[in-house]
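Read through the structure below, which is laid out as structure tokens, and then see the notes.
The values are calculated or read from the model by the stated rules, or taken from the named source; none is laboratory data. The model shown is predicted, which means the values in this text are computed figures rather than measured ones. Ideal geometry is used to build each Cβ from the backbone, glycine not excepted, and the neighbour counts take in all protein chains shown. Ligands, DNA and RNA are excluded from the accessible area calculation, which covers all protein heavy atoms including side chains. Shrake-Rupley method; radii C 1.70, N 1.55, O 1.52, S 1.80 Å.
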Amino acid sequence: MKHKNQVFDNVLDLVGKTPLIKLNKMTSQIKGNFYAKVEAFNPGHSSKDRIALYIIEQAEKQGILSPGDTIIETTSGNTGFSIAMVSIIKGYDCVLAVSSKSSADKIDMLKTMGAKVYVCPAHVSADDPRSYYQVAKRLHEEIKGSVYINQYFNQLNIDAHYHSTGPEIWNQTEGKITHLVACSGTGGTISGTAKYLKEKNPNIKVIGVDAFGSVIKKYHETREFDEEEIYPYRIEGLGKNLIPTATDFDVIDEFVKVTDEDSAHTARLIAKTEGLFVGYTSGAAMQAIKQLGEDGKFKKNDNIVVIFPDHGSRYMSKIYSDKWMSEQGFFDSINVEAAQSIEY
Ligand code: PMP
């Protein structure tokens with residue numbers, strides 16, 4: 001790895017080491033010092049670069065992978081992009097089983113990054129042989145020398161953040177962090193980062209962000225799977241309708257739920273006030289901070305780190321489209337014409 005004069009061997013040398021950026025205007029009404037860990041600075045524009053690189057390199061170390069082998073995953077989102085990027089550099093085939101709900105843009109992007117994409121019907125159950133879970137499993141069985149990333153059920157997802165995101169935040173705050181706020185999807189980011197930070201200082205409070213329509217918060221509180229919590233929601237990458245083993249519930253102190261609408265407006269506000277063009281879940285995490293701030297959760301000298309998982313460019317046809325926002329009814333509480341030129 002040659003980093004002299006900002007010259008790198010390849011794009012993978014740029015994974016991780018993302019900046020911590022102070023939030024100045026967004027949080028002016030809330031007590032505490034707020035810093036965003038902006039994961040869009042990864043070369044694949046999201047935190048998923050970390051797990052793709054880590055999991056693939058662990059498989060290499062164990063002698064499971066050799067050049068020409070195949071990496072398989074079920075995702076059309078950030079993880080798919082990151083695996084495709086790592087596969088290009090390291091010489092693997094990347095096979096992604098995605099849902100037919102995935103936008104054409106996303107599928108084209110993955111193909112551009114050299115991935116072989118299997119589009120599977122969205123409205124079949126997870127145990128149907130046509131579902132993307134089953135297609136991925138079958139391909140893994142059929143393709144000799146393949147590795148199935150399986151991010152929701154892979155301990156290495158937690159380990160990746162334990163070895164990178166956690167130490168980075170600890171060093172960047174010089175050990176002064178008091179709170180970590182992070183979205184939970186697979187749970188890998190929050191669990192690995194929290195585990196590292198709590199080993200350094202058990203007093204650090206860890207707050208997970210969950211979506212209305214997801215079972216995660218309730219499970220954390222009761223350790224019971226409550227199907228009644230589940231209903232459709234729009235935020236992608238946050239919350240789940242199952243309990244991932246990549247979430248370590250014991251290192252998380254509490255969960256906060258946020259709505260689709262509040263998270264979308266808050267993401268737009270981050271762009272307008274801080275000049276940071278980040279994704280939907282960054283809006284969700286910031287919305288959770290607003291709610292916690294209103295409840296008087298933070299004190300003047302607290303140092304709160306919030307993770308912004310990805311870049312805004314992946315949401316141009318969603319939260320950054322006025323048309324989409326109107327269609328969702330997210331401008332209903334305000335006059336639509338005024339809303340389209342809204343000054344947050
Ligand atoms: N935000 C976005 C945009 C994501 O894609 C994900 C991953 N599903 C998350 C947040 C949550 O990260 P994790 O899976 O590590 O919990």
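Give the distance, in whole Å, between the Cα centre of region 129-203 and the Cα centre of region 297-321. Region 129-203 and region 297-321 have Cα centres spaced 19 Å from each other. Peptides 272-280, 224-232, 63-71 ranked from most to least packed give 272-280, 63-71, 224-232, packing being the mean of other C-beta atoms within 10 angstrom over each peptide's residues.
By the helix-only formula, in which each DSSP H run with n ≥ 4 contributes -39500 (n - 2.57) and the sum is divided by residues, the chain has a 222 nm mean residue ellipticity of -11000 deg cm²/dmol. Ligands, DNA and RNA are left out, and with a 1.4 angstrom probe the accessible area of the chain is 46 Å² per residue. Count Lys and Arg as plus one, Asp and Glu as minus one, and take only other residues whose Cβ is under 9 Å from that of Val86; the net charge is then -1. A probe of 1.4 angstrom, applied to the heavy atoms of all protein chains, finds Phe153 with accessible area near 100 square angstrom.
Proximity of backbone amide H atoms, modeled 1.01 Å from N, is registered between Tyr118 and Leu96, Ala97, Val98 at under 5 Å, excluding neighbours fewer than 5 places apart on the same chain.
Exposure check, 1.4 Å probe, all protein chains in place: Lys218 carries approximately 60 Å² of accessible surface. The alpha-carbon positions of region 61-180 define a convex hull whose volume is 144 Å³ per residue.
Per the 1.4 Å probe, what fraction of the accessible area of region 1-95, in percent, lies on carbon and sulfur atoms? Accessible surface attributable to carbon and sulfur in region 1-95 totals 51 percent. Over the C-alpha atoms of the chain, the Rg to Rh ratio, Rh being the Kirkwood estimate, stands at 0.95. Where Lys and Arg each count +1 and Asp and Glu each count -1, what net charge lies around Asp310 among other residues with Cβ under 9 Å from its Cβ? My count for the surroundings of Asp310 gives +1. For region 26-43, 3J(HN,Hα) computed residue by residue from phi via the Karplus equation (6.51, -1.76, 1.60; θ = phi - 60°) reads 3, 10, 4, 8, 10, 5, x, 9, 10, 10, 9, 8, 9, 6, 5, 6, 5, x Hz, glycine and proline entered as x. The amide H of Val209, built 1.01 Å from its N in the peptide plane, has Ala182, Cys183, Ser184, Val256 as neighbours under 5 Å, considering only residues 5 or more places off or on other chains. Counted over region 229-287 with a bin width of 10 Å, the fraction of Cα pairs per bin, in whole percents, is 20, 44, 29, 7.
From the alpha carbon centroid of region 27-60 to that of region 222-236 is 25 Å.
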